[in-house]
Amino acid sequence: MIFFKEILNLWKSENLLSQAWDETSEMMSLSHEMFEEAIFNLRKGVKRKKLVKLKKRDKEINNYQKDVRKKVITHFSVSKNIDEIPSGMVLLSIIIDVERLGDYTKNILDLAINYEEKIISEKLLEQLREIELIVEKRFKKTLKAINNQSEDKANTLLDTYEKDIALASDKIVNSCISGDLTFENNQISTVVALYSRYLKRIGAHLKNITTTITNPYEHIGYKQPPKN
């Protein structure tokens with residue numbers, strides 16, 4: 001609950017919407033750092049204790065989300081500038097997707113915690129490694145596109161998501177289910193299917209974030225509406 005005295009103190013500080021954006025940017029950088037650490041640790045087969053510790057960093061993302069929400073709501077409770085409303089709504093949309101990036105990174109870490117061997121994707125399935133590399137690159141490119149507000153880079157990312165990630169992941173998962181893809185045991189099949197799906201979901205939330213550059217608010221997270 002935000003009390004008037006707290007609102008007054010915040011109001012006297014620098015623009016809260018600007019602060020909220022800075023924290024959103026920091027939140028995205030943290031989620032990227034967590035994701036890269038997760039992939040690195042999967043491939044190294046680090047000890048369970050370190051993986052559990054890394055999972056707990058998701059709380060930092062959650063704290064960012066709460067703080068951004070608070071700043072945006074507080075800003076609009078004292079500001080009469082209606083022109084800033086779309087910016088605030090976009091920030092609230094972005095932080096939802098960033099929070100989900102943290103959740104799926106935790107899911108990936110759960111695979112490493114419960115699978116005794118190193119998860120080296122190309123040894124499990126070459127196509128899985130391809131998706132992993134694509135998602136890693138897209139994470140970096142998405143952050144650059146957002147920070148630079150680059151519509152060209154955003155459009156390129158949106159145009160390639162379906163083929164490079166969504167369809168490729170679905171093919172792996174469906175092949176595991178149908179039996180077209182077989183492995184030494186059911187455990188490996190489960191790891192491949194789940195990891196592929198988690199990577200797809202991370203790619204999807206990165207896509208949603210990218211659409212904040214190209215789409216009006218009502219179309220965020222969806223294909224870009226046709227231009228008149």
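The values are calculated or read from the model by the stated rules, or taken from the named source; none is laboratory data. Fair warning: this is a prediction, and the values are worked out from it, not measured in the lab. Glycine also receives a Cβ, built like all others from the backbone with ideal geometry; neighbour counts cover every protein chain displayed.
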Query raised in the report: Is there a residue in the stretch 115-124 that is under 28 Å from residue 156 (Cβ atoms), at pLDDT 95 or above and either under 15 Å from the mean Cα position of the chain (by Cα) or not β-branched (Val, Ile, Thr) (or both)?
Result: yes
Report summary line: Given the conditions (1) under 29 Å from residue 16 (Cα atoms); (2) touching a Lys or Arg at 6+ places or on another chain (Cβ under 8 Å); (3) modelled with pLDDT of 95 or more, every one holds for residue 153 apart from (3)
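Matching residues to (1) closer than 18 Å to residue 110 by Cβ; (2) modelled with pLDDT of 95 or more; (3) touching a strand residue (DSSP E or B) at 6+ places or on another chain (Cβ under 8 Å); (4) aromatic (Phe, Trp, Tyr):
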| position | (1), (2), (3), (4) |
| --- | --- |
| 160 | no, no, no, no |
| 167 | no, yes, no, no |
| 178 | no, yes, no, no |
| 186 | yes, no, no, no |
| 199 | yes, yes, no, no |
| 211 | no, no, no, no |
Query raised in the report: Only one of 133, 124 is surrounded by fewer than 16 Cβ atoms within 10 Å (Cβ to Cβ), of a type in the set (A, V, I, L, M) and assigned by TED's automatic domain parsing to the domain that holds residue 168; which?
Result: 133
**Report entry** Residue within the stretch 117-134 that is in a helix (DSSP H, G or I) and over 15 Å from residue 196 (Cβ atoms) present
**Finding:** no
Query raised in the report: assigned to a helix (DSSP H, G or I) and surrounded by fewer than 13 Cβ atoms within 10 Å (Cβ to Cβ) - does that describe any residue in the stretch 86-104?
Result: yes
